[in-house]
Amino acid sequence: MKKTLLFLFVLSTILSSCKKDESNNDPGACYSNTNALTIVHDGLDREYVLYIPGSYDGLTAVPLMFNFHGFGGSASEYMLEADMRSIAETDTFILVYPQGSCLDGSSHWNACPPGNGNKSNADDFGFLEAIINEISSQHNVDLERVYATGYSNGGMMAYGLANYKSELIAAVGSVSGSMLDCIGPTSHPMPIVHLHGTSDGILPYNGSSDWTSAQSTLDHWISFNNTITSPIFSSDNGGGMTVEHYVYDQGDSLVSVEHYKYIGGDHIWFNSTYQGKNASQLVWEFVARHDINGLR
């Protein structure tokens, strides 16, 4: 659990933090959301921002896409930075930006199960499941097409779901994130797309004593999914930054592991494009090719 403990201390000195004095007993003290919905989970009022596209008519089951903010973030502000609403309108899926709870003055995601030695006891995996149950009880959701992505600590959360809630999650994307060292019992081949900048100063691309490298994370899923080990490679610099694309395909259930490597890229949700597509588009187009049974 070393990395689980350390991310709260390391990131808090660099990432955005709350502006108020806060208490662990007040789950809303370290963030401010607009137009958020509330659900009670594990004795706490938990928030999430829900976007239902105008193209949704309720007649056909549609995918559900979760996007998790970074450490210290708020869901409604993050929605503006990692905006997938126009894509949801075009491709008709329900979009959710959950809110992490407060811990020592900053919002966070607990990307490992609560347990001894884990600084956070937030049941965020259960929170995700509660949101799915709530939304699917009110809207026509295709439960075989529930996806998760996130930025930084939110990317850690997405990987946590791939490990510990795989029965609910069909595919996962991580942007400037890392996978913690609590590896769970993933129950089916898990499609993964990982976007990372080589100049990331928070979660270094090549890893550190505290964080796994991008390639180490990829290697885990390449092995787990039994994909090819020599990737299909392409690159593009049409968006003002060279972006390399690596595809490890032909995995079990035809799933793939893909990586977008932003040369000189920082610790951000990328607006620089690969073949005209920003991070939001690349993540969605990848996950949307899959359902919980594999490649659609």
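Go through Leu128, Ser86, Asn116 and say which Cα lies farthest out towards the positive end of the charge dipole of region 80-131; charges sit on Cβ, +1 for Lys and Arg, -1 for Asp and Glu.
Asn116
One-quarter of the Cα convex hull surface for region 204-296, in nm²?
The number I arrive at for region 204-296 is 6.4 nm².
Checking the cross-link filter: which aspartates and glutamates have an alpha carbon closer than 15 Å to that of Lys119, excluding same-chain neighbours under 8 positions apart?
Lys119 reaches Asp104, Asp181.
Among Gln138, Ser176, Gly100, pick out the residue whose Cα is farthest towards the positive end of the charge dipole of the chain, where Lys and Arg carry +1 and Asp and Glu carry -1 on C-beta, about the Cα centre.
Of Gln138, Ser176, Gly100, it is Ser176.
Expressed in nm to one decimal, what extension gain is obtained for the pair Asp45 and Asn121 from 0.36 nm per residue of sequence separation less their Cα-Cα distance?
25.8 nm is the gain from fully extending Asp45 to Asn121.
What nm distance separates the two modelled labels at Asn237 and Asp219, each placed 7 Å from Cα along Cα→Cβ?
With each label point 7 Å from Cα toward Cβ, the separation is 2.9 nm.
Hey, of (1) 142; (2) 128; (3) 119, which did the structure itself give for volume of the Cα convex hull per residue in Å³ when calculated?
(3)
Hey, quick one: spin label on Ser187, modelled 7 Å out along Cα-Cβ, who in region 105-126 has an amide N within reach, i.e. under 20 Å?
Only 111-114, 123-126 pass the distance filter.
We did not get these values from a lab; they are worked out from the coordinates using the rules stated. Since the model is a prediction, treat every value here as computed from it, not as a measurement. Virtual Cβ from ideal backbone geometry, glycine too; neighbours counted across all protein chains shown.
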